[in-house]
Amino acid sequence: MNTRRFDALIVGGGGAGLRAALQLARSDYKVAVVSKVFPTRSHTVSAQGGITAALANVDDDRWEWHMYDTVKGGDWLGDQDAIEFMCREAASAVYELEHMGLPFSRLDNGKIYQRPFGGQSKHFGGDQATRTCAAADRTGHALLHTLYQQNIQHRTQFFDEYFALDLLRDADGYCLGVTAMSIETGEPLLIEARTTLLATGGAGRVFWNSSNAMINTGDGLGMVLRAGLPLQDMEFWQFHPTGIAGVGCLITEGVRGEGGYLLNKHGERFMERYAPHAKDLAGRDVVARAIAIEIAEGRGCGPRGDYVDIKLDHLGEKTIAEKLPGIRDLAIRFAGVDPAEKPIPVAPTAHYMMGGIPTNLYGQVVAPARFGPEEPVPGLYAVGECACVSVHGANRLGGNSLLDLIVFGRAAGKHMLEYLRDNPYPRSLPGNAAEASLARLQRWDQAGSERVAAISDDLRRLMQTHAGVFRTDAVLREGLEKLNELEGRLAHAGLQDTSRVFNTARIEALELENLMGVARATLVSAISRTESRGAHTREDFPARDDEHWLKHTLYSRAGDQVDAKPVRLKPLTVESIRPKERVY
Amino acid sequence: MKFRLYRYSPESGEKPHMQDVELDIDPVGKMLLDALLAIKAQDETLSLRRSCREGVCGSDAVNVNGKNRLACITPLGELKEPIEVRPLPGLPVIRDLIVDMEPFYRQYRSIKPWLINDGPEPEVERLQSPEDRALLDGAYECILCACCTTACPSFWWNPDKFVGPAGLLQAYRFIADSRDEATSARLDNVEDPYRLYRCHGIMNCVDACPKGLNPTEAIGRIKSLLVKRRV
Amino acid sequence: MKPATGAHAGTGIWLVQRATAVVLAVALPGLMAHFLLALPVDFSGWQGLFAPLWVRVLLLLTALALALHAWVGVRDIFMDYIHFTGLRLALYLAVIVTLAGSVVWLAAVLWGSA
Ligand SMILES: Cc1cc2nc3c(=O)[nH]c(=O)nc-3n(C[C@H](O)[C@H](O)[C@H](O)COP(=O)(O)OP(=O)(O)OC[C@H]3O[C@@H](n4cnc5c(N)ncnc54)[C@H](O)[C@@H]3O)c2cc1C
Ligand code: SF4
Ligand code: SF4
Ligand code: FES
């Protein structure tokens with residue numbers, strides 16, 4: 001089998017992967033990026049609203065306030081050391097992007113433009129803050145292209161349209177690279193590296209109604225599960241309040257940040273009832289639940305009453321054209337309304353995975369092992385939406401994900417350099433390291449009676465019904481039953497198309513295997529957490545239960561086991577932010 | 001609805017051909033990508049690229065009834081039947097609707113698409129007035145879908161030498177950036193009978209761009225900067 | 001990949017194309033008007049039209065502009081379609097000789113007949 005060797009390997013060409021790759025590419029080490037799509041087609045390109053940092057360009061701001069909001073937004077489940085680290089580094093990380101050429105929108109004084117977003121406050125819970133740095137409503141696009149451009153300048157080696165299959169590890173647990181497949185030729189490839197970073201993004205495609213790109217299938221999570229490593233906090237999925245009804249495409253929170261608001265069928269500004277202070281800019285979980293309740297109680301708009309309206313025509317043509325041009329485009333295309341004239345129909349849509357591969361501040365993947373509950377897996381890193389540091393806790397604040405990508409992408413890149421210095425010699429790869437992975441690939445050459453597309457559709461519907469905004473033990477368990485059935489069907493699935501060249505059917509089958517793992521982790525973790533916190537709403541356990549549940553869940557595939565791990569309430573330098581009731 | 005799809009699989013030994021497909025689908029509110037994926041669900045051998053399904057990633061550019069478009073933002077109802085879908089013209093076909101984009105990417109890389117500013121980095125952002133920032137509008141939004149470049153006859157004839165509309169638009173994006181200091185090197189980079197001057201202002205590119213960008217105008221601006229520099 | 005850079009050329013000839021286009025746009029209608037307004041009936045009348053020096057100078061200038069303009073256009077077409085350098089250069093030469101010859105011939109006719 002073909003083998004390539006590098007010092008460092010990055011799996012994923014989104015914002016997280018490219019930021020880490022850049023750090024390494026600037027050194028003398030050889031770094032490669034593997035991505036299943038050409039890097040600028042990664043999901044980061046879709047991010048609209050912006051990236052948070054307390055630059056105070058518009059209004060007073062301090063990173064401590066940002067930290068407070070993030071802890072509160074995450075319903076105290078976030079690790080406060082990681083949150084402090086992220087909020088402290090935010091400004092320098094954003095300035096760095098500006099120096100790289102990111103075309104931020106500008107204020108009259110020439111500084112980076114900032115807009116208010118949900119969950120942002122001054123003075124630890126006071127008035128609305130203005131913290132989200134934006135390039136119109138195309139911040140993710142601008143960010144991803146800028147990082148890609150920097151990587152070409154620094155001659156990062158790209159493996160575009162290569163699909164990573166599995167991690168390679170030796171008997172001591174060291175990660176030594178991955179097995180991959182060229183999508184264009186169907187040829188398998190071994191990529192050996194002394195250190196590997198997973199930045200494979202989210203898995204929002206496990207739900208029927210999703211704002212996520214079709215490539216968001218949780219491949220990195222599948223790889224980690226198959227390697228016998230755990231996933232953390234997988235019950236926490238953010239449902240974004242405003243996806244275009246029936247389509248799922250996102251209407252950024254920036255719309256509400258610029259002054260847009262939600263209306264039910266009576267034309268009532270209902271968020272005033274649910275969050276008297278922050279109104280439409282309350283935490284995303286709060287707004288999503290409010291919409292779900294309005295719809296459930298018959299106050300939804302439209303013939304079937306299955307959506308609410310978001311109104312922004314009062315902002316005026318000029319603001320919309322300058323600050324929200326992409327949103328206007330999307331609304332006209334997918335909802336058939338011009339938001340400068342009429343409100344856009346919206347409903348909650350699956351958006352972001354707060355959980356993921358557990359890591360520490362340096363992006364090192366950690367797992368319970370001989371010497372403690374959080375031991376780094378040598379050579380293995382994870383950053384971005386696939387990782388769980390955890391800064392987002394039980395609910396992510398808007399604009400914090402892009403920040404997470406670049407702050408921890410940079411930190412992981414730096415730490416990988418240290419790791420390379422400390423481990424100068426490649427370890428030898430066990431002869432059978434790739435065996436299981438290749439067998440998995442070959443399995444799809446066999447015929448079968450079940451169809452992959454049908455199973456995928458059923459899986460997404462199942463998760464939509466059984467792991468949605470509101471959950472109960474019975475509903476979740478029923479979901480798990482159905483998932484068992486689906487797994488049975490998957491075992492009998494086969495492809496009609498067994499060709500080699502650009503066989504996207506095979507890719508979709510491999511993605512489905514990963515999504516199955518994600519679904520199982522989600523359902524099992526959600527059953528175990530008998531409280532409501534952040535985005536995880538249990539109707540049978542409506543209250544937050546700090547006594548029993550101020551802790552992370554760790555799901556492992558062996559025996560569907562869920563372990564607990566303490567939340568780190570102690571920040572690095574400042575005072576701990578003590579849990580209290582979360583009201584907006 | 002009736003479709004005519006370009007099919008080619010290098011392993012089958014068959015020549016490229018057009019396949020007639022009937023699909024039962026209600027076009028209201030649906031995009032061409034929805035239809036292609038529905039066809040793929042019936043016959044999984046049909047291959048195409050797709051990712052964001054909202055017109056921002058640039059994966060699914062195809063030639064529809066003779067025009068280059070993104071399948072995911074092309075309303076089905078707008079299209080005349082039979083809807084003929086082919087891969088982008090002017091690039092080697094790998095399989096079905098998938099082309100080899102490398103010649104396109106190579107031209108993009110050739111214009112050095114990164115900000116060049118060797119000055120000392122300030123501790124905060126480099127300032128840029130909203131007016132200077134506005135010069136980047138209409139250029140930075142490019143999603144590298146190649147609709148424009150593969151609609152340009154000049155690129156068909158000289159794909160290895162002509163930078164093409166997308167590449168030139170990005171060249172302009174950096175020339176226009178008040179923070180970039182390499183304007184004259186960038187002008188040198190494109191001042192060439194082939195790299196720039198193969199453009200004859202045919203404007204196919206403008207017509208093709210699904211993001212409403214105007215490469216011809218940017219090319220015109222580059223030309224006038226070159227003329228200004230000369231006289 | 002070879003580092004791509006421009007040959008530092010092309011702007012001049014592009015300007016020539018634009019400038020000759022302007023010359024043609026102004027001169028052609030002028031000449032047309034001159035001839036059409038006094039449509040001659042016989043050969044001497046026809047000859048008379050060419051008598052004034054300005055007519056001959058303008059005519060030659062227009063022809064020169066036309067030749068240059070055509071040259072740029074034909075060169076463009078060759079650059080687009082003919083990728084075999086030897087053949088292209090040979091064709092260039094042929095076109096240059098033809099165009100230059102025509103202009104010289106025109107000059108000879110105009111001044112020779114007077
Ligand atoms: C519509 C939308 C709008 C958003 N807006 C905002 C916003 O305004 N602000 C904000 O902070 N956040 C926003 N987010 C969230 C944010 O965009 C994402 O969380 C973030 O971009 C994820 O980045 P990433 O680098 O982790 O992964 P991605 O950008 O998803 O990249 C994943 C990469 O991994 C590669 N990959 C995956 N699997 C494999 C495999 N098996 N083999 C090889 N490569 C693989 C992919 O090719 C891709 O390159 C938004 C999200 C959505 C859905
Ligand atoms: S205007 Fe220039 S770049 Fe655009 S299609 Fe025409 S020749 Fe090509
Ligand atoms: S300019 Fe338009 S058509 Fe051309 S690559 Fe960019 S987005 Fe696509
Ligand atoms: S799928 Fe991304 S542009 Fe169409």
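The values are calculated or read from the model by the stated rules, or taken from the named source; none is laboratory data. As the structure is a prediction and not an experimental result, all values here were calculated from the model. Quick reminder, even Gly has a Cβ in these numbers, built from the backbone with ideal geometry, and neighbours come from all protein chains shown. We work out accessible area using only protein heavy atoms, side chains counted, and drop any ligands, DNA or RNA first. Shrake-Rupley method; radii C 1.70, N 1.55, O 1.52, S 1.80 Å.
See the values below:
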item: Filter result for the condition that a residue is crowded, with 22+ Cβ neighbours inside 10 Å, on the phi < 0 side of the Ramachandran plot and at pLDDT 95 or above, over A:380, A:324; result: A:380
item: Test for residue A:298: is it open to solvent by 30 Å² or more (accessible area, probe 1.4 Å) and out of contact with any Ser or Thr (no Cβ under 9 Å at 6 or more places or on another chain); result: yes
item: Qualifying residues in segment A:546-584 (those that are of a type in the set (Ser, Thr, Tyr) and part of a loop (DSSP other than H, G, I, E, B)) - the one farthest from residue A:83 (Cα to Cα); result: A:584
item: Which numbered condition residue A:511 fails, given (1) crowded, with 17+ Cβ neighbours inside 10 Å; (2) more than 16 Å from ligand 4 (Cβ to nearest atom); result: (2)
item: Hits in segment A:175-193 (condition: under 26 Å from the mean Cα position of the chain (by Cα) and under 17 Å from residue A:433 (Cβ atoms)); result: A:175, A:176, A:177, A:178, A:179, A:180, A:181, A:191, A:193
item: Meets criteria (open to solvent by 10 Å² or more (accessible area, probe 1.4 Å) and not hydroxyl-bearing (Ser, Thr, Tyr)) for residue A:316; result: yes
item: Segment B:127-141 - residue that is facing chain A (nearest Cβ under 8 Å) and surrounded by 18 or more Cβ atoms within 10 Å (Cβ to Cβ) and, of those, farthest from ligand 4 (Cβ to nearest atom); result: B:128
item: Residue match in segment B:70-80 (condition: without any contact (Cβ under 8 Å) to a residue 60 or more places away in the chain and touching an Asp or Glu at 6+ places or on another chain (Cβ under 8 Å)); result: yes
item: Subset of segment B:46-84 [among the polar types (S, T, N, Q) and open to solvent by less than 40 Å² (accessible area, probe 1.4 Å)]; result: B:47, B:51, B:59, B:63, B:68, B:74
item: Test: residue in segment B:4-24 that is open to solvent by less than 30 Å² (accessible area, probe 1.4 Å), under 30 Å from residue A:144 (Cβ atoms) and touching a residue at least 12 places away in the same chain (Cβ under 8 Å); result: no
item: Test for residue A:252: is it at pLDDT 95 or above and part of a loop (DSSP other than H, G, I, E, B); result: no
item: First in segment B:193-205 and among the basic types (Lys, Arg), second anywhere and within 16 Å of ligand 3 (Cβ to nearest atom) and part of a helix (DSSP H, G or I), Cβ under 9 Å, 6 or more apart; result: B:195/B:107; B:195/B:110; B:195/B:167; B:195/B:168; B:198/B:154; B:198/B:155; B:198/B:164
item: Single match in B:97, B:144, B:91 (criterion: within 16 Å of ligand 4 (Cβ to nearest atom), touching a residue at least 40 places away in the same chain (Cβ under 8 Å) and more than 8 Å from every other protein chain (Cβ to nearest Cβ)); result: B:97
item: Residue satisfying all of: in segment A:258-270; more than 27 Å from the chain's Cα centre (by Cα) and under 25 Å from residue A:318 (Cα atoms); most open to solvent (accessible area, probe 1.4 Å) among these; result: A:269
item: So residue A:243, is it within 13 Å of chain B (Cβ to nearest Cβ) and open to solvent by 10 Å² or more (accessible area, probe 1.4 Å); result: no
item: Matching residues in segment A:200-222 - criterion: being modelled with pLDDT of 95 or more, more than 20 Å from residue B:60 (Cβ to Cβ) and open to solvent by 10 Å² or more (accessible area, probe 1.4 Å); result: A:200, A:219
item: Subset of segment B:142-160 that is near ligand 2 (Cβ under 10 Å from one of its atoms) and within 22 Å of residue B:176 (Cβ to Cβ) - its residue that is surrounded by the fewest Cβ atoms within 10 Å (Cβ to Cβ); result: B:152
item: Hits in segment A:85-114 (condition: crowded, with 24+ Cβ neighbours inside 10 Å and more than 14 Å from chain B (Cβ to nearest Cβ)); result: A:86, A:87
item: Filtered residue count, segment A:271-292, keeping only those that are surrounded by fewer than 21 Cβ atoms within 10 Å (Cβ to Cβ) and closer than 15 Å to residue A:346 by Cβ; result: 1
item: Scope segment C:69-88; condition among the aromatic types (Phe, Trp, Tyr) and within 22 Å of residue C:22 (Cβ to Cβ); matching residues; result: C:71
